[in-house]
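Peer 1: Attaching a single structure in structure tokens format; questions to follow.
The values are calculated or read from the model by the stated rules, or taken from the named source; none is laboratory data. Just so we're clear, the structure is a prediction, and the values are computed from it rather than from any experiment. Every residue, glycine among them, receives a Cβ derived from its backbone with ideal geometry; neighbour counts consider all protein chains shown.
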Amino acid sequence: MFTELLANLTDFEQGFLGGVTGASLLALGAFALAVLLIFVVALYVYSSYSWMTIARKLKYKRSWFAWIPVLNIVLLLQLAGFAWGWVFLILIPILGWLAIYALIIISTWRIFEKRGYNGLWSLLLLGIALSDAIFGVCFVAYLIVLGYVAYKEKRKVAVVSKKKVVKKSSKKRR
């Protein structure tokens, strides 16, 4: 009888510890999900505010488009000089998505150049899409470049003007 009671107690301990472990893992997973959600929202706010700032500096009337998921693509397209109708490529699976991603990269290139920065930085978006190995590095670098383009004052582009050189004649007037 005592051994039977001890065996039941051992079963109770194992069941209890198994439940605690499961609850702990569930709590840890919920915490990780909450942290991930906060991180994603913070990135969304940062990128949306950055694009809104760029749109304002380029004197775009509807800079608030940066906050709405499909309209932010319209914002990029219009800032780059494309027609807004290209956004409907989203409705075509795979090929349309690839085409709109290419248009976003080209648009970003043009927008960066309008702000006086090198358009090559937009190719970081290509690095994000192509390689898992460099995804994180390209993503962080793109966010840094986006902030730099948005919040740094426009660089002064040096324009060298050609002046006419007027040669004075060596003959003296008499």
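Peer 1: Would you pick out the residues in region 63-83 that are assigned to a loop (DSSP other than H, G, I, E, B) and in contact with a Phe, Trp or Tyr (Cβ under 7 Å, 6 or more places away or on another chain)?
Peer 2: Within region 63-83, none qualify.
Peer 1: Could you check, for region 151-163, whether at least one of its residues is at pLDDT 90 or above, surrounded by fewer than 18 Cβ atoms within 10 Å (Cβ to Cβ), at negative phi and of a type outside the set (Ser, Thr, Tyr)?
Peer 2: Checking region 151-163: not a single residue is at pLDDT 90 or above, surrounded by fewer than 18 Cβ atoms within 10 Å (Cβ to Cβ), at negative phi and of a type outside the set (Ser, Thr, Tyr).
Residue-wise test of (1) out of contact with any His (no Cβ under 6 Å at 6 or more places or on another chain); (2) at pLDDT 95 or above; (3) farther than 23 Å from residue 153 by Cβ.
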| position | (1), (2), (3) |
| --- | --- |
| 29 | yes, no, yes |
| 36 | yes, yes, yes |
| 42 | yes, yes, yes |
| 46 | yes, yes, no |
| 52 | yes, yes, no |
| 57 | yes, no, no |
| 60 | yes, no, no |
| 84 | yes, no, yes |
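Peer 1: Give me a count of the residues in region 111-120 that are without any contact (Cβ under 8 Å) to a residue 40 or more places away in the chain, surrounded by 13 or more Cβ atoms within 10 Å (Cβ to Cβ) and among the hydrophobic types (A, V, I, L, M, F, W, C).
Peer 2: Within region 111-120, residues that are without any contact (Cβ under 8 Å) to a residue 40 or more places away in the chain, surrounded by 13 or more Cβ atoms within 10 Å (Cβ to Cβ) and among the hydrophobic types (A, V, I, L, M, F, W, C) number 1.
Peer 1: A further question on this structure: Condition (residue is outside any helix (DSSP H, G or I) and within 19 Å of residue 81 (Cα to Cα)) applied to region 32-51: is it met by at least one residue?
Peer 2: No, region 32-51 contains no residue that is outside any helix (DSSP H, G or I) and within 19 Å of residue 81 (Cα to Cα).
Peer 1: Looking at region 141-160, I want the residues that are under 20 Å from residue 56 (Cβ atoms) and part of a helix (DSSP H, G or I) and have a partner that is at pLDDT 55 or above and of a type in the set (Val, Ile, Thr) with Cβ atoms under 8 Å, at least 6 apart or on another chain. Which pairs are those?
Peer 2: The qualifying pairs are 149/54; 149/111; 150/53; 150/54; 151/53.
Peer 1: Check region 98-110 and report whether any residue there is surrounded by fewer than 15 Cβ atoms within 10 Å (Cβ to Cβ) and more than 15 Å from the chain's Cα centre (by Cα).
Peer 2: Among the residues of region 98-110, at least one is surrounded by fewer than 15 Cβ atoms within 10 Å (Cβ to Cβ) and more than 15 Å from the chain's Cα centre (by Cα), which makes the answer yes.
Peer 1: Considering only residues that are touching a residue at least 60 places away in the same chain (Cβ under 8 Å) and not aliphatic (A, V, I, L, M), look in region 50-91 and name the one that is surrounded by the most Cβ atoms within 10 Å (Cβ to Cβ).
Peer 2: 51
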